[in-house]
1. Calculate the dipole size of segment 475-618 relative to its Cα centre from +1 charges on Lys and Arg beta carbons and -1 charges on Asp and Glu beta carbons; express the result in debye to the nearest 20.
2. Report the one residue of Y123, V143, G160 whose Cα lies farthest in the direction of the positive end of the charge dipole of segment 103-204 (charges on C-beta: Lys and Arg +1, Asp and Glu -1; origin at the Cα centre).
3. Quick one: which residues, 5 or more positions from I661 or on another chain, have an amide H under 5 Å from its amide H? H modelled 1.01 Å from N in the peptide plane, none for Pro or chain starts.
4. Among I640, P194, C313, whose Cα lies farthest out toward the positive end of the dipole of the chain, if unit charges sit on the beta carbon of Lys, Arg (+1) and Asp, Glu (-1)?
5. Summing -39500 (n - 2.57) over the DSSP H runs of n ≥ 4 in the chain and dividing by its residue number, what mean residue ellipticity at 222 nm do you reach, to the nearest 500 deg cm²/dmol?
6. Would you report the distance distribution of C-alpha pairs in segment 594-695 as whole percents per 5 angstrom bin, up to the bin with the largest distance?
7. Of all the C-alpha pairs in the chain, what % are more than 35 Å from each other?
8. How large is the dipole of the chain about the Cα centre if only Lys and Arg carry +1 and Asp and Glu carry -1, each at its Cβ, rounded to the nearest 20 debye?
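The values are calculated or read from the model by the stated rules, or taken from the named source; none is laboratory data. This is a predicted model, so every value here is computed, not measured. For neighbour counting, all protein chains shown are included, and Cβ atoms are generated from backbone atoms with ideal geometry for every residue, glycine included. Each accessible area value is taken on the protein alone, full model and side chains, heavy atoms only, with ligands, DNA and RNA left out. Shrake-Rupley method; radii C 1.70, N 1.55, O 1.52, S 1.80 Å.
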Amino acid sequence: MGSDDETTGLTWPGATRVGVRNATILKAVILVAFVVLSIVLSTAGIYLRSWQLQFKIQELKDYILISNQPDSTCAGDTDQEWALGPIEEFRGCEARQREDFTRSDKEIYDQCVSTHPYQRDNYCQRGKEVRFFLFNVTNPEDVVEGLTPRIEEVGRKIDGGPLIFYEDCKTFDTEFRAVDAEFSEYCYYTYKYPSTEEDDLGRKIVTPNAGLQEAIGNSYGQVDYIIVVVWGTLGLDRLNATTTTVEDYMRGQLLSFSWPNNFGADFLAEYSGAASQAGVKAPDNARGLFEMVLDSRQDYCLVNTRQYDRNQCTSMANTLVIYSKLYYESFQTYKVEPYDLTYKQGAGLFVNAKIGDLLGYYAGHDDPISAYMFPRKVSWKAVRSKTQVEVTANIRAGYADSQNGILNAGPLGRSAIVSNTIEDLGSYTKYRGRTYITEFDWQGCRPTGADGQVVVPADGPYPPQCNGGSPIKVRGSRGHQVKPQVWSLQPGVEEEVEIFSTTLMRPVTFSFIEDFELEASNNDVVSVRRYELNENGLGKARIGFNCGTTFKNMAESGVLNRGSDCDELEGMFDLSSAYNYIPYVWSLPHFYLVTSQDSTQHPRNNLIGFVTPTGPRYKTQVVVDRESGRVLQSMIKEQISLRFYKDSRSFFFTKHKAVAIPLYWRFDTKNATVAERQLLSQMQNEFRGLNSGFIACVSLAGAFLMAALFVGMLLYRDNALHTVAEKRKKIQAELSAAIPPDAEEDREAAADGEFM
């Protein structure tokens, strides 16, 4: 008993209550601390990620943007190291980026080889390759008679593969501004296989004569009288035409029964190419005669200073046609020079020429008919090299023509692309001096006034008849860079990208196809996106306003303009207005994605030797790194065909069909180097790694939040128990107060009795 009394005496009254209260306070402090730590860590994770993101975005911008300001990252051991050193050491150097912008692919490759002699496969890329397949017409004699052309695809002699050229384009007169860069450009081409160049490019194929079609396209009414102008006047001389024979031909047509004396002598004096007659003036005189006959508003012509009525003039024109055909057929089985074909094979309408001449890699082939109007060699100019002097001269000539309202599809000035801002990075804002594309509707966009002066400036505003009131503005990637998506790193897909087609001279839309991984090295990959030119992009690129039949008649009468692609099938584009009225037609290879409601009108059904194209061989695609917007793989494909002019008023070639005969298709490729893919793979990994710190902080914040929740539950439990205890005491006190005093004494007495 004594020991218990001592213990009881040493106990601090209310100690238990104080301990409980202190434990509660401690738990509350821990709860607040855990909540604060959770908030701090969450905030730190968000700000850490944001700071790292901004840092990485700036690093990426240094890589893809080209500024016109000096840059400290260009410092090196020597003053010129930034220009000549390894590219990977100066990727963020603005001066190096500006220098490389002006260099050609060949110059960049040579510089890279000099700095990486043993690692050229990883760091160096030769540049853009242009691959060609040409088409040979194997039955020209049938085509002349109106039968279906038979086509075969031609490539290298050794294996039938594509003819490959390196395209090296160099900019000059370059000016870097705050947002964009303005420049002019010239390109030169080099055949990839010099050892087999003669075998590959020296081969001859039979193909439509583009020179003749250009001459017809620039003739009055686009009728083929230009053939008669050249061969008819030459035939009068070579076949020794006399006054008697030409008079018999003219009288025999029965168009006029009244002829003046010596009208045959007048005819020869005006139209014979003999030196004693009209001589070199004969073709010009004959051209005036045919243009008069084709113009229904003119009633007479002057021949050797004598006036003749329309019927007599028509008889003279028909006589020239007769002599042109007599001269043409006089070759019999001999080949007509320089076409290297017989007249039965359609010499002039077709030409048998070297591949190198046709592509423009060599000088081109001769064509005496088109040389009358355009004294030069004929080629498709697909790989025709140019010099800086030549491009500068063309710019000056084009600018002068444009000021006078003359259609000139050549350059008018410098191009401009966005180079120093994320928005529309890499996109053209001006192409060869044009802010708007007006080549296909020049007269409607820039009509001339009564005094011959241009009414509308080159940059608009344009009248409603110009492309239906919506002229096409120059835009679309140059092919190396598209808009990056650095502002939305993880979610979202850029559904479309626009690439500017220098052949179509308009933007073309590529649609998103898939995400996939492109190998960067043995262990690394770069996540990329594939875009493809499909029916959607072809439809958007089409210029098709006022395409109804009623509008067509009105356009032919000169009342209004209509879209240049109105008369083409879906997937085909008329290029004649942009190529000096050579009737070129653009499509994808083998008329891929070309559709026709009438199957008999589909171009493949009007050719023998074509099959329905399927598979990746015919698809036009680009592969893009999403974050940087860099085009890592470019596979741009196109086919150029030629549709013969066909008119009921034609004089010479009258039986052939107006079908589109393919000339060639090309496949432009350019790939990023292994080192570039590795760099982009590293950047992607770093962007994805931005979440690691954020996740760590958020995870700790979550752990502290869960701990705070646990402590809060303990506090809630203690508080609940304390509340229950207090209520119990209160109830006991109330019960004790409710018991009578006598009952309490009896209870105590009973208890004492039991104890005793």
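1. Details: 12 positive and 18 negative charges, 91 e Å.
Here the size comes out at about 440 debye.
2. Y123
3. L642, R643, F644
4. C313
5. Dividing the helical sum by the residues of the chain leaves -12500 deg cm²/dmol.
6. The calculated distribution, bin by bin, is 2, 9, 12, 13, 12, 9, 8, 7, 7, 6, 5, 4, 2, 1, 1, 1, 0.
7. Numbers: 174428 of 285390 pairs.
Every Cα pair in the chain considered, those over 35 Å come to 61 percent.
8. Working: 77 positive and 97 negative charges, 478 e Å.
In debye, rounded to 20, the chain gives about 2300.
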